[in-house]
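Here you go, one structure.
Just so it is clear, none of the values below were taken in a lab; they were calculated from the coordinates. Not measured: the values here are computed from a predicted model. With ideal geometry, Cβ positions are generated from the backbone for all residues, glycine too; neighbour counts draw on all protein chains shown.
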Amino acid sequence: AAKPFDSAQGKHSPYPGPVVRTYGDFTIEKITHPNFNSGKAVLEWDLKGVTPEFKLLDGTAKLRVGSGKAVKILEVAKKKGGMARALVVPLEILDKARGKIPGLSIPSLEEIPFDRIEGDYTFKKGVMSMQPSLLDGPEVAAETRGTVDLPGQTLDLRSALKATSLGNVTLLVTGPMDDPKIEPDLTKVKEKVTEKVTEKGKELLKQQGEKLLKGLFNK
């Protein structure tokens, strides 16, 4: 449906519909679904300002899921959009990183076995902060922190990954959710290079100092 338009201001007017407050918790001992099965799952939430636009959304949510398997979960979440897609962003990052970074081999995400899924989330005016979002599995693990702007559909995330086929790597993810910029975090590499350069500089200064002293006392 088209958004109400304010001709005087030349822009879309604020959402005119109902604004919902919702809170609660539930526990499911076992989830069985064609696209997702797991052990015990616990969800707690306290959200206000709930609207289709997400612009007023504030609150918190917590998710704990036991071991299981997700099948084509990215495809399902993308179709549903909104919060469902935001919750699988860490996996979507992995999928989008395939082929973008030389030497980064991403395992297939059609079927994702996992030992646990955990998420601690806060919301402020539609911006979801992951503190963190964690997927731990036998083939791939990801710990993601940062923000997802739900109204603006943009990302500002840092995801630490570990997979049997690629080892350890941290990715920085920014920009539109559909086409984000994904690049490896080289902070640690730069720190090591700087450390080596500094040590080399100290060694050169020491050598020059020794030469200067020898020159003074040999005269």
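Give me the residue from the range 129-158 that is touching a residue at least 60 places away in the same chain (Cβ under 8 Å) and assigned to a strand (DSSP E or B) and, out of that set, nearest to ALA61 (Cα to Cα). It would help to see each step written out before you state the result.
From the range 129-158, those touching a residue at least 60 places away in the same chain (Cβ under 8 Å) are 148, 150-151, 155, 157; that's our starting set.
Okay, now just the ones that are also assigned to a strand (DSSP E or B), so 148, 155, 157.
Working: VAL148: 14, LEU155: 19, LEU157: 18 Å.
Looking at the filtered set, the residue picked out is VAL148.
Matching residues to (1) part of a loop (DSSP other than H, G, I, E, B); (2) not hydroxyl-bearing (Ser, Thr, Tyr):
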position	(1), (2)
LYS55	yes, yes
LYS62	no, yes
ALA70	no, yes
MET83	no, yes
ILE93	no, yes
ILE106	yes, yes
GLU118	no, yes
THR122	no, no
